1. Over the Cα atoms of region B:92-239, how large are the radius of gyration and the largest Cα-Cα distance (Dmax), in Å?
2. Send over the semi-axes of region B:49-134's equivalent ellipsoid, whole angstrom and largest first, taken as the square roots of 5 times the C-alpha gyration tensor eigenvalues.
3. Averaging over every viewing direction, what projected area does the convex hull of the Cα atoms of region A:189-235 cover, in nm²?
4. I need two numbers for region A:148-187: Rg to one decimal and Dmax as a whole number, Cα atoms only, in Å.
5. Quick one: length gained pulling residue A:24 to residue A:120 fully straight, 0.36 nm per residue minus the C-alpha distance?
6. For the rotation that brings chain B onto chain A, whose beta-carbon in chain B is nearest the axis, and what is that distance in whole angstrom?
7. What distance in nm separates the two pseudo spin-label positions at residue B:235 and residue B:89, each 7 Å out from Cα along the beta-carbon direction?
8. Based only on other Cβ atoms within 10 Å, what is the fewest-to-most ordering of B:78, A:152?
């Protein structure tokens with residue numbers, strides 16, 4: 001089977017790479033990308049949505065490859081001046097990036113939903129597939145650490161993931177309403193596959209799954225649900241996934257990530273490096289190259305994941 | 001008499017030039033500069049104080065001489081991007097300037113008074129004389145025009161002063177509390193002079209005078225109150241003063257400006273060009289060069305105004 005719509009659940013960098021690959025092998029109207037907004041926060045009076053922006057910039061070809069966040073061709077006059085006048089500079093905002101935050105903040109304050117603002121930003125930046133936040137209601141990932149409860153960006157950026165994580169919570173998730181476009185796509189006849197991108201399970205995918213109604217909708221959907229492991233060779237390609245797993249008492253392995261989604265998955269995609277160690281995961285496994293350095297590798301992984309889904313066929317999750 | 005403190009009431013560009021001159025001929029602890037905040041507004045979710053910033057940048061040597069507003073060595077990446085994503089661009093905010101607005105907005109939202117925020121910004125930018133807003137409470141200049149009531153910056157920047165002005169109001173003035181440092185300075189023994197800078201009377205000085213208690217305090221203060229005419233040769237050096245006077249049924253003359261402050265003034269400073277036309281203003285007039293293109297001209301006018309005040313001596317207003 002091919003054709004039909006594909007839903008991709010994604011966090012920031014790693015997820016965005018696969019989302020970009022998918023966007024290059026699928027017609028834009030067949031791809032719905034769902035972003036984690038648990039990383040969102042308010043800083044300097046601005047509403048900042050890091051994963052949405054990483055997806056948007058990556059899909060628009062505007063991502064800053066050197067930094068791994070923000071925009072390319074960025075300038076820092078705002079930040080330099082903020083430092084000079086004694087402002088908070090631990091979260092760096094480029095001059096161009098700032099325009100997105102200021103405009104989003106203004107429109108949120110005017111009562112527009114995050115999904116509508118995101119849709120217009122994407123249109124303006126030339127992003128063709130639809131990108132939606134998991135919910136228009138605020139969900140905020142918080143981490144209990146040896147230093148107490150920390151807001152996500154304080155843990156992630158200000159403290160550079162140094163504190164040992166003991167517990168993770170998604171404030172606001174219990175009352176957040178799932179994005180209607182996502183629920184609709186999951187229930188639609190033409191659904192081809194749901195792809196859980198190679199993002200950190202704890203802080204990128206599980207905030208999405210914490211939105212009421214999304215786990216049941218994923219479990220019930222008729223198309224295959226396939227995850228791509230963010231662990232390659234026992235290590236995270238990027239970010240604190242492996243460190244966090246160890247701190248939470250889990251082996252940093254592709255198998256342990258699969259276990260987080262076990263009730264949802266119809267297939268799993270792992271790297272060649274992890275094939276020997278994965279053992280019997282109790283579900284169909286596709287072994288391929290999952291490290292996506294080049295654009296060609298992103299497209300190849302996208303094709304491999306779609307191929308795996310199509311091989312499983314529909315009604316896999318029923 | 002020399003020594004003692006000098007209070008300068010100022011709007012933006014013209015006033016800031018004289019304030020800079022004063023700052024170069026007076027020790028910083030002898031100068032208190034009071035800024036009009038009737039021009040302040042909220043835009044893109046940011047609290048913007050144009051006259052405070054023009055004063056601050058001018059006194060810090062950071063003003064953009066070409067533009068006449070904002071900072072020198074400015075960049076526009078934020079604004080260019082805002083335009084690309086469909087944001088409002090009629091009020092241009094440079095990347096460096098933006099840092100001041102974001103930081104001020106954040107601190108106002110946290111409950112800090114505008115005067116405290118201004119003091120710290122001035123310290124950080126190396127401004128030595130004290131600069132205070134006329135009030136920490138919001139006052140907003142509004143103009144009734146042929147197009148209805150307009151907020152000041154919409155009239156001034158967006159519509160470039162084109163609408164015919166019929167009436168001017170200062171929203172919030174009736175309940176605004178005067179800046180304590182200003183009241184204190186006006187009542188202090190050591191007051192040497194009060195200088196009304198060559199700013200637009202209607203939209204720069206009268207918003208200050210509209211704050212309850214300030215007109216009586218100026219009328220009662222023991223030091224000379226001296227205004228510098230913003231009209232030179234029957235025209236405004238900069239801005240819409242002359243156009244506005246004509247629309248309000250006043251002759252665009254130095255004499256007509258003096259009449260706006262008649263109850264307060266002990267002396268008036270006009271340009272050579274206006275000496276013949278001024279006639280008998282009924283108060284001591286100093287004739288000098290008032291156009292301040294160079295720094296030397298700013299210092300010279302500052303000295304001339306202080307000299308005129310000292311010649312009048314104390315208790316002039318009693």
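Coordinate-derived values only; no laboratory data. Owing to the predicted nature of the structure, the values given are computational and were not obtained by experimental measurement. Backbone-built Cβ (ideal geometry, glycine too); neighbour counts: all protein chains shown.
1. 17.0, 48
2. Numbers: eigenvalues 106, 56, 19 Å².
Semi-axes from the Cα gyration tensor: 23, 17, 10 Å.
3. Working: hull surface 15.0 nm².
For region A:189-235, averaging the hull's shadow over all directions gives 3.8 nm².
4. Cα only, region A:148-187: 15.0, 41 Å (Rg, Dmax).
5. Values: separation 96, 0.36 × 96 = 34.56 nm, distance 2.07 nm.
Result: 32.5 nm gained on full extension.
6. B:95, 2
7. 3.1
8. Working: B:78 29, A:152 21.
So the ranking, lowest neighbour count to highest, is A:152, B:78.
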